[in-house]
């Protein structure tokens with residue numbers, strides 16, 4: 001018996017349509033179940049003092065990385081993994097727990113595990129293994145609790161304040177520090193949460209992860225490059241705090257106020273310098 005090309009094409013098209021329809025229905029159900037969490041994530045992204053303003057970009061970066069592996073993915077047989085179904089069930093239970101105790105970050109991370117579980121269940125272990133990094137990279141779009149941020153910010157602010165004062169004192173400028181308060185001849189400065197460097201640290205961790213993944217370095221050196229992003233983030237923040245202290249000393253406290261162009265622009269310039277350091281680090285590791 002010979003296959004009918006028209007009939008085979010129709011069956012293939014129907015399968016594609018059903019898969020697309022199932023995907024759309026699944027996305028709608030997830031959106032409905034996680035609507036409150038997604039709204040909370042949007043608020044955290046758009047907050048004036050947000051540490052996750054990069055969150056909108058993360059899923060698009062992951063999709064781009066998956067698209068790059070499209071040829072490999074087409075060669076792998078699509079199967080199912082029961083382990084994925086277990087992860088899905090546990091993720092939904094975690095979401096229910098987060099909803100009951102009103103901790104959105106718990107529900108947020110349950111969505112992260114839900115995506116991994118669904119990928120494993122719908123596409124199998126081989127495909128999941130190929131796109132493991134793009135999936136794991138999604139973790140950078142889920143904000144951690146503000147209580148955790150407050151805990152981490154404290155030592156980071158102390159590092160920034162101590163190091164900034166030390167560097168400025170090397171220039172012979174009279175400067176004193178009491179906790180987070182920095183005194184210069186023209187007045188006092190306070191190293192607040194925005195100057196802790198945590199925002200830069202989170203951003204550089206995400207940037208370092210994707211940059212290390214895209215390099216042709218051996219796996220161990222990829223990890224080294226990723227880890228290097230931490231001291232780079234801390235270093236550029238210390239330099240920024242030092243610059244703002246110097247600006248306050250030479251041009252007055254108002255010149256380095258939080259809403260000024262110098263305060264905002266210095267963050268962008270220092271971030272670009274940090275990217276340059278990351279690039280140079282990768283060249284050294286080669």
For this session: Taking residue 99 as the residue in question, decide whether it is under 28 Å from residue 44 (Cα atoms), in contact (Cβ under 8 Å) with a residue 24 or more places away in the chain and surrounded by fewer than 19 Cβ atoms within 10 Å (Cβ to Cβ).
Result: yes
Exercise. What residue, among those in the stretch 58-80 that are surrounded by 13 or more Cβ atoms within 10 Å (Cβ to Cβ) and closer than 23 Å to residue 271 by Cβ, is farthest from the chain's Cα centre (by Cα)?
Worked result: 65
Problem set entry | Flag for residue 198 being in contact with a strand residue (DSSP E or B) (Cβ under 7 Å, 6 or more places away or on another chain) and either crowded, with 18+ Cβ neighbours inside 10 Å or closer than 30 Å to residue 110 by Cα (or both) | no
Problem set entry | Lone unmet requirement of (1) out of contact with any helix residue (DSSP H, G or I) (no Cβ under 6 Å at 6 or more places or on another chain); (2) without any contact (Cβ under 8 Å) to a residue 40 or more places away in the chain; (3) under 19 Å from residue 124 (Cβ atoms) for residue 77 | (2)
Exercise. Can residue 182 be described as in contact with a strand residue (DSSP E or B) (Cβ under 6 Å, 6 or more places away or on another chain), under 25 Å from residue 49 (Cα atoms), surrounded by 19 or more Cβ atoms within 10 Å (Cβ to Cβ) and assigned by TED's automatic domain parsing to the domain that holds residue 151?
Worked result: yes
Problem set entry | Hits in the stretch 102-139 (condition: without any contact (Cβ under 8 Å) to a residue 12 or more places away in the chain and either more than 23 Å from residue 215 (Cβ to Cβ) or crowded, with 17+ Cβ neighbours inside 10 Å (or both)) | 102
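The values are calculated or read from the model by the stated rules, or taken from the named source; none is laboratory data. What you are looking at is a predicted structure, and each value in this text was computed from that prediction instead of being measured. For neighbour counting, all protein chains shown are included, and Cβ atoms are generated from backbone atoms with ideal geometry for every residue, glycine included.
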